[in-house]
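Report on the following structure.
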Amino acid sequence: MNLNRTITLSPDVISQEVSGETVLLDLDTENYFGLNEVGTRTWQLIKSTGDLQAVYDTLLAEYEVSEARLKQDLDTLLTEIERLGLITLGEKDA
């Protein structure tokens, strides 16, 4: 997983947090996605930084998880929400 990436939220996505979980809804396509507590924290970090390395570093510091597992889980989550059009992954400018 390349951590040297940016994450841009779709302008058509709204999110609502309820009891530590979040629901994402794309108003244009009506695609939605539910996030558990860790996914919600990931979404908060994406919204605040848009920097995959910063998201990864923060999650690694906050949760007891191996680097390999975190990379795998992040890749799975980001691939799915990108497929739904909720985010766009890009490369950082050199």
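Coordinate-derived values only; no laboratory data. Predicted model only: the values in this text are computed from it and were never measured. For neighbour counting, all protein chains shown are included, and Cβ atoms are generated from backbone atoms with ideal geometry for every residue, glycine included.
Would you mind classifying the chain by shape? Square roots of the alpha carbon gyration tensor eigenvalues, ordered a ≥ b ≥ c; an a/c under 1.5 is rounded, otherwise it is prolate if a/b is larger than b/c and oblate if not. Write out the running numbers ahead of the final one.
On the way: a/c = 1.86, a/b = 1.24, b/c = 1.51.
Judged from the Cα gyration tensor, the chain comes out oblate (a/c at least 1.5, b/c at or above a/b).
Relative contact order for the chain: what percent, with Cα pairs under 8 Å and sequence separation of 6 or more? Please list the in-between numbers first.
On the way: 121 pairs, mean separation 36.5, N = 94.
Computed value for the chain: 39 percent relative contact order.
For each of Leu52, Leu89, count neighbouring Cβ atoms within 10 Å of the residue's Cβ, then give the residues from fewest to most.
Numbers: Leu52 22, Leu89 14.
So the residues, fewest neighbours to most, are Leu89, Leu52.
Which value, in debye to the nearest 20, gives the size of the charge dipole of segment 1-43 about its Cα centre, when Lys and Arg are +1 and Asp and Glu are -1 at the Cβ? List each step's numbers first, then the result.
Values: 2 positive and 7 negative charges, 59 e Å.
Once rounded to the nearest 20, the dipole reads 280 debye.
Kindly state, to the nearest 0.05, the FRET efficiency for Tyr63 paired with Leu84, given R0 = 22 Å and r defined as their beta-carbon distance. Write out the running numbers ahead of the final one.
Values: r = 24 Å, r/R0 = 1.10.
Given R0 = 22 Å and the Cβ-Cβ separation, E is 0.35.
If I model a spin label as a point 7 Å beyond the Cα along the Cα-Cβ vector, how far apart are those points for Thr76 and Gln53 in nm?
2.6 nm
Taking the Cα centre of the chain as the origin and placing charges on Cβ (Lys, Arg +1; Asp, Glu -1), which of Asn2, Gln72, Asn36 is farthest toward the positive end of the dipole?
Toward the positive end, the furthest listed residue is Asn2.
What is the magnitude of the charge dipole of the chain about its Cα centre, with +1 placed on the Cβ of each Lys and Arg, -1 on the Cβ of each Asp and Glu, and no other charges, expressed in debye to the nearest 20? Write out the running numbers ahead of the final one.
On the way: 7 positive and 18 negative charges, 34 e Å.
Taking the Cα centre of the chain as origin, the dipole is about 160 debye.
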